[in-house]
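These notes concern the structure reproduced below.
The values are calculated or read from the model by the stated rules, or taken from the named source; none is laboratory data. On a predicted model such as this, the values are computed, not experimentally measured, just so you know. Positions of Cβ are generated from backbone atoms using ideal geometry, with glycine treated the same way; all protein chains shown enter the neighbour counts.
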Amino acid sequence: MQSWQLPEHIADILPSTARQLESAKEQLLALFRVHGYELVSPPLLEYSDSLLTRIDEGLSLKTIRVVDQISGRQLGLRADITPQVARIDAHMLPANNGVNRLCYAGTVLHARPDGFLSTREPLQIGAELYGYAGIEADIELIDLMLKSLRLVNVTEPQLALGHIGIFRALAESAQLSEADAHILLGMMQNKDAEAVRHHGQSLQLATQWVNALALLPTLYGNQEVIERARSALPPLPAIQAALNELQTVCAAFANRPVHIDLSELRVDSYHSGLLFAAYGADWPDALARGGRYNDLGRHFGRARPATGFSFDLRDLIGHLPQSAGWHGIKVALDDAGAAAAEIERLRAAGECVRVDYTPHTRDQHICNRQLVWQNDQWCVIPLAD
């Protein structure tokens, strides 16, 4: 292997793309700021227990682990920033018992990529709201998610909704073990109603629960799904409450099509309620995902209502606006000493000034002006072709 080769699904970000990403990140964080979200920056490395690797199998498989040479304890390179932000809300901001609106943008590392075309080094950006259990908070985050995607040139993102609370209410009523519930969740993802039915029958569940679980993979489509679910699913209070939440969100976004899927349950184990995602017309998977995770803070000593979303900004490179070309000022090496004061004045004013060490070669970063001595003063003039 050559020394310049990188691991699979790891890649350098070259200047033009890096400018795109940084520009988009700045605009997104500015959008979050005007909506009241404060920036936090958790560390890339933590004790693996703090990253919730023990309670979430998916996170555990994604997390790269190392041994701390100082303490001897196991460390993890974060695979998801949400548990870190929950820790910050619970442990670092305990004096605030009201609402905390927090946002972040940072690199995460995955032991394995999420897909064939995915990077193992996503740039995760997101926003989270802690301390309010009302559906209004979820609506606020969904609205911010859609605005974020429009900001990075995703036109007309498709909103999709689900609710993990419906499946969990059925699983609890049917007295499913955690292992069996996990198996059924996988079958739900494949929309395999017959497999769900056969597995439920093999567990000798009551017919009522077998039928209800097998019905979930068929409950997807437009908002009419909600009324179908009301009439077909058992009238459990938790199910009715979940359907009411879905109805309220649909009403809040009545001016746009909303897709409902009661078996779309691709969640981390910490999610507890409403689920939402955004899709693009030319994208095979969700561009952004979010949802409720009211119990996540309990692992850090303070359980609080919480909702939020995130997405990988690197996944959206194809959508990002092209960054402006390089419009710098070139100064000849022979003039750099005499023009030092003028160069610093221009740089302080925000201009990019580059000393031209190799005037006979084409510079990758093209300047469109030059600094020259004319009429007893330094002048910036257009650069001749």
(message) Suppose we filter L265, L287 for residues that are modelled with pLDDT under 90 and farther than 19 Å from Y132 by Cβ; which single one remains?
(response) L265
(message) One residue is enough: does the range 229-243 have a residue meeting the conditions surrounded by fewer than 14 Cβ atoms within 10 Å (Cβ to Cβ), among the hydroxyl-bearing types (S, T, Y) and over 24 Å from the mean Cα position of the chain (by Cα)?
(response) yes
(request) Residue by residue through the range 199-209, note down the ones that are within 16 Å of S263 (Cβ to Cβ) and without any contact (Cβ under 8 Å) to a residue 24 or more places away in the chain. (result) H199
(message) Among (1) surrounded by fewer than 19 Cβ atoms within 10 Å (Cβ to Cβ); (2) closer than 23 Å to F276 by Cα, there is one condition P122 misses while meeting the rest; what is its number?
(response) (1)
(request) Identify, by number, the condition in (1) surrounded by 14 or more Cβ atoms within 10 Å (Cβ to Cβ); (2) out of contact with any strand residue (DSSP E or B) (no Cβ under 7 Å at 6 or more places or on another chain) that P15 doesn't meet. (result) (1)
(message) Give all pairs with beta carbons closer than 7 Å in which a residue from the range 233-256 that is β-branched (V, I, T) meets a residue that is part of a loop (DSSP other than H, G, I, E, B) and crowded, with 16+ Cβ neighbours inside 10 Å; count only pairs at least 6 apart in sequence or on separate chains.
(response) I239/L233
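Going through L161, L123, L151, L93 one at a time, which residue ends up being without any contact (Cβ under 8 Å) to a residue 40 or more places away in the chain and either outside the structural domain of G318 (by TED's automatic domain parsing) or out of contact with any Cys (no Cβ under 7 Å at 6 or more places or on another chain) (or both)? Give the derivation first.
Working: L161 fails: without any contact (Cβ under 8 Å) to a residue 40 or more places away in the chain; L123 fails: without any contact (Cβ under 8 Å) to a residue 40 or more places away in the chain; L151 fails: without any contact (Cβ under 8 Å) to a residue 40 or more places away in the chain.
Of L161, L123, L151, L93, the one residue that is without any contact (Cβ under 8 Å) to a residue 40 or more places away in the chain and either outside the structural domain of G318 (by TED's automatic domain parsing) or out of contact with any Cys (no Cβ under 7 Å at 6 or more places or on another chain) (or both) is L93.
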(message) Of the residues A281, A303, A277, only one is under 30 Å from S16 (Cα atoms), at pLDDT below 90 and in contact with an Asp or Glu (Cβ under 8 Å, 6 or more places away or on another chain); which?
(response) A281
(request) Answer yes or no as to whether G318 is under 19 Å from M92 (Cβ atoms), surrounded by fewer than 16 Cβ atoms within 10 Å (Cβ to Cβ) and not β-branched (V, I, T). (result) no
(request) Considering only the range 1-94, give the helices (runs of 4 or more DSSP H) lying wholly within it that have at least 1 residues that are at pLDDT 90 or above and within 19 Å of the chain's Cα centre (by Cα). (result) 15-34, 82-87
(message) For the range 179-189, check the following and say yes or no: at least one residue is within 30 Å of E140 (Cβ to Cβ) and modelled with pLDDT of 90 or more.
(response) no
(message) Any residue that is buried (at least 24 other Cβ atoms within 10 Å of the Cβ) and at positive phi - is there at least one of those in the range 275-291?
(response) yes
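Mind telling me which of the residues I142, I135 ends up being buried (at least 19 other Cβ atoms within 10 Å of the Cβ), of a type outside the set (F, W, Y), assigned by TED's automatic domain parsing to the domain that holds E26 and out of contact with any strand residue (DSSP E or B) (no Cβ under 6 Å at 6 or more places or on another chain)?
Residue meeting the stated conditions: I135.
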(request) Evaluate the range 351-369: report whether one residue or more is more than 23 Å from the chain's Cα centre (by Cα), of a type in the set (V, I, T) and closer than 19 Å to L14 by Cα. (result) yes
(message) Quick check on the range 18-38: of everything there that is more than 27 Å from F116 (Cα to Cα) and among the acidic types (D, E), which residue is surrounded by the fewest Cβ atoms within 10 Å (Cβ to Cβ)?
(response) E26
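For every residue, the table says whether it meets (1) of a type in the set (G, A, S); (2) crowded, with 22+ Cβ neighbours inside 10 Å.
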{"position": "L109", "(1), (2)": "no, no"}
{"position": "G131", "(1), (2)": "yes, no"}
{"position": "R150", "(1), (2)": "no, no"}
{"position": "F167", "(1), (2)": "no, yes"}
{"position": "Q175", "(1), (2)": "no, no"}
{"position": "L184", "(1), (2)": "no, yes"}
{"position": "Q204", "(1), (2)": "no, no"}
